[in-house]
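Asks: I have a structure I would like to understand better, so I am pasting it below and will then ask my questions one at a time.
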Amino acid sequence: MKKITLNKIAILLFITFILPSITRAQSTPSLFDGKTLKGWKHLAGTADYKVENGAIVGTTVINSGNTFLVTEKEYGDFILEMDTKIESPLSNSGVQTRSHFDPAANGGKGKVYGRQFEIDPSDRKWSGGIYDEGRRDWLYPVDLNAKAKDAFKVGVYNHIRMECIGNEMRTWINGIPIADVIDTVDSKGFIGLQVHAVTKPEQAGKKVYFKNIRIQTKNLKPKPFPADIYVLNFMTNKLSDHEIASGWKLLYDGQTANGWRGATLDHFPTHGWEYADGTMHVLPSAGKEESGGGDIVTDSLYGAFDLSFEFKITPGANSGVKYFVTLSEVTKGSAIGLEYQVLDDKLHPDAKLGRNGDRTLAALYDLIPSNKPERFIRPIGAWNTGRIIVYPNNHVEHYLNGIKVLEYERGSKEFKDLVAISKYVIWKNFGEAKEGHLLLQDHGNEAWYRSIKVRRL
């Protein structure tokens, strides 16, 4: 009787502890055997890859293009984990996911393209961000999750994790969640390790290490992701379940004008605007404020909030997104409020007015200029992503295509001093209301808005 009981206990222990570990090992096979590069191939560039002490080691070569070691097999949904080390802040690397190769590109040298987990030891600290190699450039700079910038450490192994499940890609470094992108481009492709191109002698000979590379393709269970981390969602006018659970709401459903009205009306304008085909569309008129259908505002009022929106304009166009719009100011033109400027900086004359560029794209209009590198400005006619965050403590931030371009303290002495030398000086306590409407501006030029979403803070 005792023997049977002991056997049962042994079986129970096997089922409880041993079998799950075997199952996990089988479901997360290694992509690298620790000894050879079997299952991998070299694409583009002339940088060197070899195996040293159980790790794949890539070494930079001067005047080489970006060089990749990629899997011979393609993958769709997966969870990928590995340990990686980069020895110098002068280097850069990354891990490609669901990526592809164009052999005819770059004069026959070929080009790898697809979403990349960035490994960036530079001062900007964008490791774990998501970059679209060879195609769309930066998707998720880590400015969007600044508190995670110190997750990656130079000169030591870091554990990195990527989840590519359905249309969503999420990243972690050393257990810290970094980036979240929902993107309908690429449902499968190869996985690749990158040695970045270098052009200076002091950058040559630097190494990046990859080991313990494991992938899970079955029984995928996403890790929880914090509600306060911004989701870059390329699915137009849609929210993910995670965004909804985190408190995000769409301000435009892509089909109706529900939740909006004219700034001087009790209904949506009967002319000058269209809200069909997935965009809130300002029609061209006389090129002046309120010359068409007029500004539109949200029915609801907002105090502390996180607002995200996509926009595009025609050459020479002017528009804007305003916040803390009270509608109490008397004005003949556009309604008054703090304004995220939407403008063609090169062709519209307003870009040259004001002070130090405080009327250019993404600026706090007539108050604070935006600091935006040229590479982060999408061409006129292409979609850009704007973001405005107003924290409960009145700290405000503007973003353009994922990078923070300005910040200020609403109501501070510095803010009041700027108002005092601006066009807004004639309105008492300008920009300091407890709450206000959100506004899309009709400046008489053609502009489009979509994927307008907000979360109260």
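The values are calculated or read from the model by the stated rules, or taken from the named source; none is laboratory data. Since the structure is predicted, the reported quantities are computational estimates derived from the model, not experimental observations. Quick reminder, even Gly has a Cβ in these numbers, built from the backbone with ideal geometry, and neighbours come from all protein chains shown. Please note that ligands, DNA and RNA were not included when accessible areas were found on the heavy atoms of the full protein model with its side chains. Shrake-Rupley method; radii C 1.70, N 1.55, O 1.52, S 1.80 Å.
Asks: Which of the strands (runs of 3 or more DSSP E) contained wholly in segment 43-126 include at least 1 residues that are open to solvent by 10 Å² or more (accessible area, probe 1.4 Å) and of a type outside the set (Asp, Glu)? Please lay out each step first, then the result.
Replies: On the way: elements: 48-52, 55-59, 67-71, 78-86, 93-102, 111-119.
Passing ranges, in order: 48-52, 55-59, 78-86, 93-102, 111-119.
Asks: Pick out the one residue from THR97, THR59, THR28 that is at pLDDT 95 or above and among the polar types (S, T, N, Q). So that I can check it myself, show each step before the final result.
Replies: On the way: THR59 fails: at pLDDT 95 or above; THR28 fails: at pLDDT 95 or above.
When all the criteria are applied, what remains is THR97.
Asks: Would you please list the contacts, defined by Cβ atoms under 8 Å and residues six or more apart or on different chains, that run from a residue in segment 407-428 that is over 30 Å from ALA146 (Cβ atoms) to a residue that is open to solvent by less than 40 Å² (accessible area, probe 1.4 Å) and assigned to a loop (DSSP other than H, G, I, E, B)?
Replies: As it stands, the answer is LYS423/ASP366; TRP427/ILE336, since those pairs meet every condition given.
Asks: Among the candidates LEU193, LEU220, LEU232, LEU239, single out the residue that is at pLDDT 95 or above, open to solvent by less than 50 Å² (accessible area, probe 1.4 Å) and under 22 Å from THR67 (Cα atoms).
Replies: Values: LEU220 fails: under 22 Å from THR67 (Cα atoms); LEU232 fails: under 22 Å from THR67 (Cα atoms); LEU239 fails: under 22 Å from THR67 (Cα atoms).
Step by step, each of LEU193, LEU220, LEU232, LEU239 is checked, and only LEU193 is at pLDDT 95 or above, open to solvent by less than 50 Å² (accessible area, probe 1.4 Å) and under 22 Å from THR67 (Cα atoms).
Asks: Would you mind telling me which numbered condition in (1) touching a residue at least 24 places away in the same chain (Cβ under 8 Å); (2) more than 28 Å from LYS38 (Cβ to Cβ); (3) touching a helix residue (DSSP H, G or I) at 6+ places or on another chain (Cβ under 9 Å); (4) not β-branched (Val, Ile, Thr) ASN167 fails?
Replies: The failed condition is (3).
Asks: Right, something else. Right, PRO373: out of contact with any Lys or Arg (no Cβ under 8 Å at 6 or more places or on another chain) and free of Cβ contacts under 8 Å to residues at least 12 places away in the same chain or not? Break it down stepwise before answering.
Replies: Numbers: out of contact with any Lys or Arg (no Cβ under 8 Å at 6 or more places or on another chain): yes; free of Cβ contacts under 8 Å to residues at least 12 places away in the same chain: no.
Here the answer is no, as PRO373 does not meet what is asked.
Asks: Restricting to segment 266-304, give me the number of residues that are among the polar types (S, T, N, Q) and either open to solvent by 60 Å² or more (accessible area, probe 1.4 Å) or at pLDDT below 95 (or both). Talk me through it step by step, then tell me what you get.
Replies: Initially, segment 266-304 is screened for residues among the polar types (S, T, N, Q), giving 270, 279, 285, 291, 298, 300.
Restricting the remaining residues to those that are either open to solvent by 60 Å² or more (accessible area, probe 1.4 Å) or at pLDDT below 95 (or both) gives 270, 285, 291.
Going through segment 266-304 one residue at a time, the tally reaches 3.
Asks: Okay, next question. Does segment 398-426 hold any residues that are more than 30 Å from LYS125 (Cβ to Cβ) and among the small types (Gly, Ala, Ser), and which are they? Give the steps one after another, and end with the answer.
Replies: Start the filter on segment 398-426 by keeping residues that are more than 30 Å from LYS125 (Cβ to Cβ), which leaves 411, 413, 416-417, 419-426.
Listed by number, the residues that qualify are GLY411, ALA420, SER422.
Asks: Which residue out of GLY320, GLY333 is open to solvent by less than 50 Å² (accessible area, probe 1.4 Å), in contact (Cβ under 8 Å) with a residue 24 or more places away in the chain and either within 18 Å of ASP253 (Cα to Cα) or not in a strand (DSSP E or B) (or both)? Walk me through it before giving the result.
Replies: On the way: GLY320 fails: either within 18 Å of ASP253 (Cα to Cα) or not in a strand (DSSP E or B) (or both).
When all the criteria are applied, what remains is GLY333.
Asks: Wholly within segment 336-444, which strands (runs of 3 or more DSSP E) include no fewer than the required count, namely at least 3 residues that are surrounded by fewer than 20 Cβ atoms within 10 Å (Cβ to Cβ)? Give the derivation first.
Replies: Working: elements: 338-343, 384-390, 395-400, 403-409, 437-440.
Filter on segment 336-444 gives 384-390, 403-409.
Asks: Then there is this: Select from segment 179-222 the residues that are farther than 15 Å from MET169 by Cα and of a type in the set (Asp, Glu) and list them in ascending order.
Replies: Matches in segment 179-222: GLU202 only.
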